[in-house]
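Working notes, structure below.
The values are calculated or read from the model by the stated rules, or taken from the named source; none is laboratory data. Just so you know, these numbers come straight off a predicted model, no measurement behind them. Note that we place each Cβ from the backbone using ideal geometry, even for glycine, and neighbour counts take in every protein chain shown.
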Amino acid sequence: MLQNFIICVNAVVPSAIYLIVGIALKLFHVVTEDEVKRFTHITFVALYPFLMFDNLYGKNIGENMNWSLILYALAFLAFQISSSWLFVCKTQPDNYNRGAMIQALWRSNIVLMGLPIAVNLLGKGNVTSVAVVLMVVVPLYNVVAVVIFERFRGGKVNVKHLLKGVFTNPLIVGGIVACIVMGLRITVPTTLYNTIVSLSDATTPIAMILLGASLRIDGIKSDRAKLAVCVIGKLVIFPALGILGAVLLGFRGVDLVAITLMTATPTALASFAMASSMGGNGELAGEAVVFSTILACFTMPVWLFILMNGGYF
């Protein structure tokens, strides 16, 4: 039992260390807020396609495309969004808070924290299911978030703009290229592939350090009750429901890890920018990111330990 717990903790420790490094860089003024934003954008555009390509290339996508897993991930995401929407609209009269809270409850940081933890836990060549789930749900995160905020500020959704955002997302680009290369049975030259692997390996440390530098750690300025709802719902309630449903439906191994990381990872960093730019409570969204990210370093090992100790993976 202790050995299982140590394995689960060790899977999360690297991410926690990267966060601490990023926080320290910000505290000691090594990087400015503008520099962090610029480097984060560069990392997203220049490195994320290689990360996704590396996690899919060489795998039999047909065999790893577990449609029951994808359908469950989509169904549970729909449940998260709809139940969050209903609960928040019933308890919060102010549209200014509604969008930020709804988004904080379901939008997971599976890219920055989920995939690296899966690699640490299962090994680099064994996380294709996680990458596939990530490739399916992440574009929906952006689309649904825009719809939610437009709804609460009385705007209209630009469908053309949404579709463009989906198909130009670096993660989707990397995944599509990997599928095309494998579909055409193209063998990537060793020198080129080694370069892709190096860029992929660099993505997680850089992205996590930048995430740490992006966190604004100061006093709580938002309503603590609203913040508590967001954090508890994101890290405890939805993971419990999502994992329980997956177990009851028979998901095991890497498939169950994929669902766990989709539901138990903290609120995505992008939710802060989305709320701030679309008329929502950016302050509450930012604090939800900060506190869920910090607390997830403690809650995620617990979820993984429960499943590993129960023999589910």
Need at least 1 residues that are over 21 Å from the mean Cα position of the chain (by Cα) and under 20 Å from Tyr18 (Cβ atoms) per element, so show me which helices (runs of 4 or more DSSP H) inside the stretch 181-284 make the cut, counting only ones lying wholly within it.
-> 190-214
Would you confirm whether any residue within the stretch 134-151 is modelled with pLDDT under 90, over 12 Å from the mean Cα position of the chain (by Cα) and not hydrophobic (A, V, I, L, M, F, W, C)?
-> yes
How many of the residues in the stretch 227-285 are aliphatic (A, V, I, L, M) and over 22 Å from Asp94 (Cβ atoms)?
-> 22
Could you check how many residues of the stretch 27-59 are touching a Lys or Arg at 6+ places or on another chain (Cβ under 9 Å) and crowded, with 19+ Cβ neighbours inside 10 Å?
-> 3
Could you please let me know if Ile217 is of a type outside the set (Lys, Arg), touching a residue at least 24 places away in the same chain (Cβ under 8 Å) and either crowded, with 17+ Cβ neighbours inside 10 Å or closer than 20 Å to Asn97 by Cβ (or both)?
-> no
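To keep it simple, each residue is scored yes or no on (1) more than 30 Å from Lys90 (Cα to Cα); (2) touching a residue at least 40 places away in the same chain (Cβ under 8 Å).
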position: Pro170; (1), (2): yes, yes
position: Ala178; (1), (2): yes, yes
position: Gly183; (1), (2): yes, no
position: Thr187; (1), (2): yes, no
position: Leu192; (1), (2): yes, no
position: Thr195; (1), (2): yes, no
position: Asp223; (1), (2): no, yes
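Here's the yes/no breakdown for (1) in contact with a strand residue (DSSP E or B) (Cβ under 9 Å, 6 or more places away or on another chain); (2) closer than 14 Å to Gln80 by Cα:
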site: Ile237; (1), (2): no, yes
site: Ala240; (1), (2): no, yes
site: Leu249; (1), (2): no, no
site: Ser276; (1), (2): no, no
site: Ala285; (1), (2): yes, no
site: Ala288; (1), (2): yes, no
site: Ser292; (1), (2): yes, no
For the stretch 286-313, pairs from a residue that is touching a residue at least 40 places away in the same chain (Cβ under 8 Å) to a residue that is basic (Lys, Arg) and part of a helix (DSSP H, G or I), with Cβ under 9 Å and 6 or more apart or across chains, are Ala288/Lys226; Ala288/Lys234; Ser292/Lys234; Ala296/Lys234
Qualifying residues in the stretch 94-129 (those that are farther than 18 Å from Ala11 by Cα and of a type in the set (D, E, K, R)) - the one surrounded by the fewest Cβ atoms within 10 Å (Cβ to Cβ) = Asp94
Odd one out for Gly250 among (1) closer than 18 Å to Gly311 by Cα; (2) touching a residue at least 60 places away in the same chain (Cβ under 8 Å); (3) surrounded by fewer than 20 Cβ atoms within 10 Å (Cβ to Cβ) | (2)
Might you let me know whether the stretch 229-241 holds any residue that is loosely packed, with under 15 Cβ neighbours inside 10 Å and closer than 23 Å to Thr40 by Cβ?
-> no
